[in-house]
Amino acid sequence: MDVHFIDIIFFAMVAAFLILRLRSVLGRRTGEERERPDPFHPKPAEGGGDKIIPLPDHTQRNAGAPVELPPATTGTPLEAGLTQIAVADPGFAPEHFVEGAKAAFEMIVTAFAKGERETLRPLLNDGVFENFASAIKAREDARQTHETTLVGIKSVDILEAQMDGRTAFVTVKFVSEQINVTRDKDGNVVEGDPGHAAEITDIWTFARNTRSRDPNWALVETRSPH
């Protein structure tokens, strides 16, 4: 048999082996990939044995199952909006959304106070992120620091819900008690009272493309009550 022909067969076998190895590696998650934080779909707590408490998985609601809505929403535009979202996204459940919104609120308020842009980025849309980032930069330029102590969240209520094309929008009212203090470079208080907790009402709107495989909701608008 021709030596060159044997060489061709040998290299073909090597190439096939390498291709199979690459496919097995490229198709496998290593566990080192960075994932976006998703407070609306928390992961089960880490641990062993009976210490693991599985959290509800909002993706398990059957598409044909009725949506559980608060009794107060019956016959209201809010009920219609929540139902439309549930039809577009069979995994949507208002009670789970409220828990996720509460977690997101805590994360965003804390990250903004600390100036943690990387934490804020995946939780906000471009417009809101730019506003938050500008405020953080202005604070840094003034050599000031901001401290927020979230004493507690008194209530979380869905005010509005609607579908706009493929995108779901849910507006939530948060009533919380916070201690907010701004200090200068020397640690002197320039705004706020470290000994006083104020009741603050925030109205935030979250949005998500229901056709997207990404389960995250993003904060797209913030406002104060009228």
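Just so it is clear, none of the values below were taken in a lab; they were calculated from the coordinates. From a predicted model like this one, the values you see are computed outputs, not experimental measurements. Neighbour counts are summed over all protein chains in view; Cβ atoms, including those assigned to glycine, are modelled from backbone coordinates with ideal geometry.
Conditions first: (1) in a strand (DSSP E or B); (2) buried (at least 17 other Cβ atoms within 10 Å of the Cβ); (3) of a type outside the set (S, T, N, Q). ASP157 passes all but one, so which condition is the exception? Of everything listed in (1) in a strand (DSSP E or B); (2) buried (at least 17 other Cβ atoms within 10 Å of the Cβ); (3) of a type outside the set (S, T, N, Q), ASP157 misses just condition (2). Scanning the stretch 176-221 for residues that are part of a loop (DSSP other than H, G, I, E, B) and more than 26 Å from the chain's Cα centre (by Cα) yields ASP184, LYS185, ASP186, GLY187, ASN188, ASP193, PRO194, GLY195, HIS196, ALA197.
Report yes if some residue within the stretch 111-121 is under 14 Å from the mean Cα position of the chain (by Cα) and touching a residue at least 40 places away in the same chain (Cβ under 8 Å); otherwise report no. Yes, the stretch 111-121 has at least one match. Looking across the stretch 99-148, the residues that are surrounded by 14 or more Cβ atoms within 10 Å (Cβ to Cβ), of a type outside the set (A, V, I, L, M, F, W, C) and under 16 Å from VAL181 (Cβ atoms) come down to THR110, LYS114, GLY115, ARG139, GLN144, THR145, HIS146, GLU147, THR148.
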